[in-house]
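Notes to accompany the following structure.
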Amino acid sequence: MADLKQLTEQFLTLFGGEADGIRYYQAPGRVNLIGEHTDYNGGYVFPAALTFGTTLLLRPRGDRVLKMASTNFPNTLGEVSLDSIEYREEDDWMNYPKGVVKELQNRGRGPAAGYDFLYHGEIPNGAGLSSSASIEVLTGYALLSEGGHPVDRTELALISQKSENEFNGVQCGIMDQFAVANGKKDQAILLMCDTLEYRHVPFQSEDYVLVIGNTNKRRGLVDSKYNERRSECEQAVQELKGAYPELTLLGQLTPEQFHAECERIESDTVRRRALHVVDEIDRVLQSVAVLEKGDLESFGKLMNASHDSLRDLYEVTGKELDAMVEAARKVPGVLGSRMTGAGFGGCTVSLVHKDSVDRFREQVAAEYTEATGLVPDFYVCSIGDGASRLDSPAQP
Ligand code: GLA
């Protein structure tokens, strides 16, 4: 949890004035438990919000200027007029909040006046824990609340995703923004990405914890490979239309329907991509069913199957994620381990007995460093709430 008093001091040093008018908001990061590369195929995902993320301090100004700073990039202070919000490469991370402001304006709910903004991020950048979705949802939530507009969390996720797709040119699906907007303490979210129907599913155990392992490998190829996978899935849909003329997304097929007609897909690579998607969606539903019976062991096996499919069929893991998962699975007390997020670096998530966590950290770190030369980080993960307003810290 961020230290709000200290952040208040930083805010006053940057922007001057009084602490009185400052308001405080937070939005989490997310981890996806299972259901990877299924969101843009209209399938199921099963993410959860984290207990750490991004904090925003804001204070209204009398003019039409937004001033933005971040404790993560101490030497940048951005300034933009509400009347000319454009993408500019040199604005770097500020393009995320700017994109959301622009999208709110497009919907007739942009801020009536300017603000001073101070962001404080606790999510490692580029780790695949959705630091950008956290900033977007946070900005949208705060500005809608400030403007006195009701916050519909599904719409908030869509606003944030649209700003990332259109303003920032990143073709992500809806999962990250949805999880950040709709998170609930100790609950994961079963989301159908085609219809956006969802429900919370309790995810709590006396004996087992989720451990996130950061490979600290930057996700280099992620954007180009991500878009390539999306087109491969679209290609599979085109070829399956011969059998299913109404088909628009792979997520509309059951595994049986897919297997009956998959030979229509000419390229072996495209067929393997589609097979991952169809089976992964099925694994999400199986996961929820076993978890609702309290069967963590079966869930662990599904996590393993998910990773193996992402490695062999979808080919989005890479040396670092595979090495970390392999090391994790050797530790006694680990029920399952997989990559989480887009892949090509970033993080793994493992289901670990609470008495094995210390051994897990030591053994996985040693084997992983031996295999890759990189030093990993681990976080025992608790599941937290979605975006919210925070109480002001007590004044000294
Ligand atoms: C990234 C994207 C999500 C989703 C995952 C893969 O996190 O932002 O929309 O596609 O990759 O499951």
| remark: Under the helix-only model (-39500 (n - 2.57) for each DSSP H run of 4 or more, divided by the residues of the chain), the mean residue ellipticity at 222 nm, to 500 deg cm²/dmol, is -12500 deg cm²/dmol
| request: Quick one: among V278, V101, V170, which has the greatest mean-square fluctuation in a GNM of the chain with alpha-carbon springs under 10 angstrom? | output: V170
| field | Computed over the stretch 250-396, the ratio Rg/Rh where both radii use C-alpha atoms and Rh is Kirkwood | value | 1.07
| What relative contact order, as a whole-number percentage, does the stretch 214-338 give when Cα pairs under 8 Å and 6 or more residues apart are counted? | 23
| task | Determine the per residue accessible area of the stretch 43-117 with all protein chains present and a 1.4 angstrom probe, expressed in square angstrom. | result | 41
| request: Can you work out the accessible area per residue across the stretch 268-386, with the rest of the protein chains kept in place, probe 1.4 Å, in square angstrom? | output: 38
| note | Sequence order, the stretch 244-258: Karplus ³J(HN,Hα) from phi using 6.51 cos²θ - 1.76 cosθ + 1.60, θ = phi - 60°, Hz rounded, Gly and Pro as x, gives 10, x, 7, 5, 10, 9, 4, x, 7, 9, 7, x, 4, 4, 5
| request: Starting from the eigenvalues of the Cα gyration tensor, five times each then square-rooted, give me the equivalent ellipsoid semi-axes of the chain, largest first, whole Å. | output: 36, 26, 19
| query | Looking at the P(r) of the stretch 235-305, how many percent of alpha-carbon pairs lie beyond 14 Å? | reply | 60
| Most mobile listed residue (H353, H149, H120) in the chain, GNM with C-alpha springs under 10 Å | H149
| task | Can you work out the accessible area per residue across the stretch 138-240, with the rest of the protein chains kept in place, probe 1.4 Å, in square angstrom? | result | 43
| Expressed as a rounded percentage, what relative contact order does the chain have, with Cα pairs under 8 Å and six or more residues apart? | 23
| task | Would you please name the GluC sites (Glu not before Pro) within the stretch 7-102 that are DSSP coil residues with at most 13 other C-beta atoms within 10 Å of their C-beta? | result | E18, E86
| How much length is gained on full extension from D207 to D295, taking 0.36 nm per residue of separation minus their Cα-Cα distance? | 30.4 nm
| What is the pair-distance distribution P(r) of the stretch 1-150, computed from all Cα-Cα distances in 5 Å bins starting at 0, with each bin given as a whole percent? | 2, 9, 18, 21, 20, 15, 9, 4, 2, 0
| query | Can you give the Kirkwood hydrodynamic radius of the stretch 122-253 from its Cα pairs, in Å with one decimal? | reply | 17.2
| Rounded FRET efficiency, nearest 0.05, which uses the C-beta distance separating K330 from E261 and R0 of 45 Å | 0.70
| remark: Expressed as a percent, the accessible surface of the chain that is carbon or sulfur, using a 1.4 Å probe and the full set of protein chains, is 46
| note | Across D92, D282, D39, the residue with the highest GNM fluctuation in the chain (Cα network, 10 Å cutoff) is D92
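The values are calculated or read from the model by the stated rules, or taken from the named source; none is laboratory data. Not measured: the values here are computed from a predicted model. Heads up, the Cβs are rebuilt from the backbone with ideal geometry, glycines too, and the neighbour counts pull from every protein chain shown. Only protein heavy atoms, including side chains, enter the accessible area calculation; ligands, DNA and RNA are left aside. Shrake-Rupley method; radii C 1.70, N 1.55, O 1.52, S 1.80 Å.
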